[in-house]
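See structure below.
The values are calculated or read from the model by the stated rules, or taken from the named source; none is laboratory data. These numbers were taken from a predicted model, which means no experiment stands behind them. As a convention, Cβ positions derive from the backbone with ideal geometry for all residues, glycine included, and neighbour counts pool all protein chains shown. Note: areas computed on protein heavy atoms with side chains; ligands, DNA, RNA excluded. Shrake-Rupley method; radii C 1.70, N 1.55, O 1.52, S 1.80 Å.
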Amino acid sequence: SHIGFYFHPSTDDPGVCYITEGEKKAIVANYFLRCIVISLPGVNSHAKLTKTDKSGRSVLDFLKTLGCKSAVVAYDADKNVNEHVHRHEKKLVALLKNHSFHFSFLLDIFFISYVYRQLESRVRKRIR
């Protein structure tokens with residue numbers, strides 16, 4: 001499994017990125033939020049963010065070159081009842097701190113709600 005990295009340089013704000021699980025959710029979020037969205041193939045795959053490619057750079061290194069300083073962790077809401085998800089979310093936060101990223105949390109249900117509100121707002125603007 002791989003990391004999904006969704007970013008359109010001509011339209012997206014590189015200052016913040018959202019990290020979530022699930023490819024489809026990341027694609028939709030990037031489309032509506034217009035910022036970097038990274039999808040992880042599972043909650044325990046956060047170490048892939050530091051894995052280096054042939055050039056010696058990791059995803060976190062690449063984010064820094066784009067000017068990204070903040071990350072929003074948007075794991076599934078079951079983290080409140082699933083210790084496995086909660087434990088790996090804490091590991092992701094520690095990883096982000098160690099790489100000097102500011103971070104915040106967004107419960108998954110609120111993430112979906114936020115994306116929906118952004119969509120609704122854009123539709124209203126187009127109707128006017």
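Quick one: would you say residue 50 is more than 26 Å from residue 87 (Cα to Cα), β-branched (Val, Ile, Thr) and surrounded by fewer than 18 Cβ atoms within 10 Å (Cβ to Cβ)?
Working: more than 26 Å from residue 87 (Cα to Cα): no; β-branched (Val, Ile, Thr): yes; surrounded by fewer than 18 Cβ atoms within 10 Å (Cβ to Cβ): yes.
No: the conditions fail for residue 50.
Pick from the range 34-47 the residues that are crowded, with 18+ Cβ neighbours inside 10 Å and more than 23 Å from residue 82 (Cβ to Cβ): which of them is nearest to the chain's Cα centre (by Cα)?
Within the range 34-47, the first condition is being crowded, with 18+ Cβ neighbours inside 10 Å, and the residues that meet it are 35-40, 43, 46.
So of that shortlist, the ones also more than 23 Å from residue 82 (Cβ to Cβ) come out as 35-36.
On the way: 35: 9, 36: 7 Å.
Of everything passing the filter in the range 34-47, 36 is nearest to the chain's Cα centre (by Cα).
Out of curiosity, is residue 94 over 24 Å from residue 121 (Cβ atoms), part of a helix (DSSP H, G or I) and not basic (Lys, Arg)? If you could, list the steps in order and put the result at the bottom.
Values: over 24 Å from residue 121 (Cβ atoms): yes; part of a helix (DSSP H, G or I): yes; not basic (Lys, Arg): yes.
Considered against the rule, which asks whether it is over 24 Å from residue 121 (Cβ atoms), part of a helix (DSSP H, G or I) and not basic (Lys, Arg), residue 94 comes out as yes.
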Of the conditions (1) surrounded by 15 or more Cβ atoms within 10 Å (Cβ to Cβ); (2) basic (Lys, Arg); (3) over 11 Å from the mean Cα position of the chain (by Cα), the single one that residue 87 does not satisfy is (1)
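Is it true that residue 72 is on the phi < 0 side of the Ramachandran plot, surrounded by 12 or more Cβ atoms within 10 Å (Cβ to Cβ) and in contact with a helix residue (DSSP H, G or I) (Cβ under 6 Å, 6 or more places away or on another chain)? It would help to see each step written out before you state the result.
Numbers: on the phi < 0 side of the Ramachandran plot: yes; surrounded by 12 or more Cβ atoms within 10 Å (Cβ to Cβ): yes; in contact with a helix residue (DSSP H, G or I) (Cβ under 6 Å, 6 or more places away or on another chain): no.
The answer is no for residue 72.
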I'd like the full set of residues that are basic (Lys, Arg) and in contact with a helix residue (DSSP H, G or I) (Cβ under 9 Å, 6 or more places away or on another chain), limited to the range 34-56.
34, 48, 51
With the first residue restricted to the range 21-36 and required to be free of Cβ contacts under 8 Å to residues at least 60 places away in the same chain, and the second required to be open to solvent by less than 30 Å² (accessible area, probe 1.4 Å) and of a type in the set (A, V, I, L, M), Cβ contacts under 8 Å at 6 or more apart or on different chains are 21/40; 21/43; 26/37; 26/38; 27/37; 30/36; 30/37; 36/63
Applying the selection to the range 1-29, what residues are among the hydroxyl-bearing types (Ser, Thr, Tyr) and in contact with a Pro (Cβ under 9 Å, 6 or more places away or on another chain)?
1
Could you say whether any residue in the range 119-128 is touching a helix residue (DSSP H, G or I) at 6+ places or on another chain (Cβ under 7 Å), surrounded by fewer than 16 Cβ atoms within 10 Å (Cβ to Cβ) and modelled with pLDDT under 90?
yes
Any hit, the range 23-33, residues being among the aliphatic types (A, V, I, L, M), open to solvent by 10 Å² or more (accessible area, probe 1.4 Å) and in contact with a helix residue (DSSP H, G or I) (Cβ under 7 Å, 6 or more places away or on another chain):
yes
